[in-house]
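The values are calculated or read from the model by the stated rules, or taken from the named source; none is laboratory data. As the structure is a computational prediction, the values presented were derived from the model and not from experiment. Heads up, the Cβs are rebuilt from the backbone with ideal geometry, glycines too, and the neighbour counts pull from every protein chain shown. Accessible surface areas use protein heavy atoms only, side chains included; no ligands, DNA or RNA. Shrake-Rupley method; radii C 1.70, N 1.55, O 1.52, S 1.80 Å.
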Amino acid sequence: MPREDIYIGLGSNLDEPAEQVRSAVRELGQLAQVRLCASSGLYRSPPMGGLDQPDYINAVVQVETDLEPEQLLHELQAIERQHGRKEQCERWASRTLDLDLLLWGQEHFDSKALTLPHPGLHERAFVLAPLQELDADLEVPGQGTVSKLLRECKYSRVDRVGACQSLPDSARLIAVEGPIGVGKTTLCNRLAADFNGRLILENYQENPFLKDFFETPEKTALATQLHFLTSRACQLQQLNQVDLFQQRTFSDYVFEKSDWFSRLSLQGDEYDLWLSLYTHMSAGLPRPDLVIYLQAPVSVLLERIAMRGRSFERAVRPEFLEALSALMAEHFRNYSGTVLTVDTSCANLAESLQDYQSLLVALDGMTQPGQYFLDPSQPEGMLGDMAPADSVA
């Protein structure tokens with residue numbers, strides 16, 4: 001059986017070090033007999049020994065493998081060479097890539113080429129901090145837990161600077177969409193933090209008509225939808241300013257959301273009036289380069305809404321949520337742009353590191369435009385040629 005408790009440290013401070021580490025993580029995942037289980041974020045730290053060098057970018061990954069320790073070490077050294085690492089490198093010298101085997105479960109291993117656990121692990125914050133992200137309670141044999149060692153570590157200046165994965169270069173505006181209760185705003189915040197992005201979030205609290213919308217839609221539907229329409233249009237129009245596009249932007253809605261809600265709540269002359277304004281305002285608005293569409297069955301959404309306890313969400317009727325989910329599924333099933341549909345039925349992108357990283361790995365692998373489907377709970381993860389978008393609605 002493959003071992004699942006093997007940890008590898010990565011570091012670089014030359015030639016775009018963040019990209020060196022990111023590409024090495026991808027290469028580790030492509031090794032035969034090695035499966036990438038989890039990866040920390042990227043951490044910046046000063047060079048050891050007070051040397052006059054650029055800061056390092058570090059990360060830690062967890063893998064499983066059938067290989068023996070020295071066999072895996074041989075594979076790591078091959079990746080280092082591919083990144084320009086020289087065979088003989090002075091201690092603490094700058095380098096394009098450094099890959100270290102850190103832990104092999106609770107086992108000890110000592111040979112001419114390799115010592116496990118890594119002898120310097122317990123006193124290096126740039127290793128302990130990413131290890132803590134993966135498992136704060138992980139035991140370092142003979143030393144204690146990772147969290148304890150990090151608290152005691154005197155070399156403690158490390159800063160998390162992003163994710164180990166990359167996003168498609170063409171995806172400058174990324175929208176996270178889905179029905180009420182699916183967790184799109186939480187995911188949007190997490191992605192923006194990991195990729196240093198600008199946030200565009202819908203502020204429901206600013207809509208004075210929303211609290212009555214789900215209870216008495218016949219009285220407040222038009223005012224509610226007009227308020228959302230103008231607010232969304234104003235937010236997205238700002239992106240047409242060139243300077244704002246220097247930074248990747250994450251939004252927790254697509255503009256078509258205005259149409260879905262209005263089709264379900266407005267009728268007759270009210271809908272005609274709203275549609276004329278919607279058509280006018282939508283002209284010239286930037287379109288997302290990538291949409292992450294989160295799905296879950298209505299029963300799951302209602303459970304999540306009940307747990308969150310927001311007053312306006314608790315008033316959502318199941319039949320409304322069912323109809324809204326169906327409209328979204330139809331829209332994204334026929335979507336002409338790039339969309340990643342994510343089944344969140346058994347996934348927790350907010351709290352589960354493994355589920356969230358399944359998403360990041362999927363995004364990292366989207367090198368071509370098209371339709372993709374991801375079920376984080378399944379070993380095969382992401383599939384191209386997406387299954388029907390309403391398959392879990």
Task: Among (1) in contact (Cβ under 8 Å) with a residue 40 or more places away in the chain; (2) open to solvent by less than 80 Å² (accessible area, probe 1.4 Å); (3) of a type in the set (D, E, K, R), the one test that D212 misses - done: (1)
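Per-residue answers, yes or no, for (1) over 18 Å from I6 (Cβ atoms); (2) modelled with pLDDT under 90; (3) within 28 Å of the chain's Cα centre (by Cα):
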residue: Q88; (1), (2), (3): yes, yes, no
residue: D100; (1), (2), (3): no, no, yes
residue: P117; (1), (2), (3): no, no, no
residue: L138; (1), (2), (3): no, no, yes
residue: G144; (1), (2), (3): yes, no, no
residue: R157; (1), (2), (3): yes, yes, yes
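Given A193, A171, A125, A175, which one is closer than 23 Å to D55 by Cβ and open to solvent by less than 10 Å² (accessible area, probe 1.4 Å)? Before the answer, list the steps.
Values: A193 fails: open to solvent by less than 10 Å² (accessible area, probe 1.4 Å); A171 fails: closer than 23 Å to D55 by Cβ; A175 fails: closer than 23 Å to D55 by Cβ.
A125 is the lone residue from the list that is closer than 23 Å to D55 by Cβ and open to solvent by less than 10 Å² (accessible area, probe 1.4 Å).
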Task: Within segment 199-231, considering residues that are β-branched (V, I, T) and over 31 Å from the mean Cα position of the chain (by Cα), the one nearest to S282 (Cα to Cα) - done: T224
Open item on the list: Residue under question is Q20, and the condition is that it be open to solvent by 10 Å² or more (accessible area, probe 1.4 Å) and part of a helix (DSSP H, G or I); does it hold?
Closed with: yes
Open item on the list: For segment 27-47, which positions are out of contact with any strand residue (DSSP E or B) (no Cβ under 9 Å at 6 or more places or on another chain) and not in a loop (DSSP other than H, G, I, E, B)?
Closed with: E27
TODO: Return the pairs, sorted by first residue and then second, in which the second residue is open to solvent by 10 Å² or more (accessible area, probe 1.4 Å) and assigned to a helix (DSSP H, G or I), the first residue lies in segment 240-266 and is over 19 Å from A283 (Cα atoms) and at pLDDT below 95, the beta carbons are less than 6 Å apart, and the residues are 6+ apart or on different chains.
DONE: L264/A323; S265/P217
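Output the residue which, of all residues in segment 330-351 that are of a type in the set (G, A, S) and open to solvent by less than 30 Å² (accessible area, probe 1.4 Å), is farthest from A163 (Cα to Cα). First the steps, then the outcome.
First, pick out the residues of segment 330-351 that are of a type in the set (G, A, S): 336-337, 345, 347, 350.
Subsequent filtering for residues that are open to solvent by less than 30 Å² (accessible area, probe 1.4 Å) retains 337, 347.
Details: G337: 25, A347: 20 Å.
Within segment 330-351, the match that is farthest from A163 (Cα to Cα) is G337.
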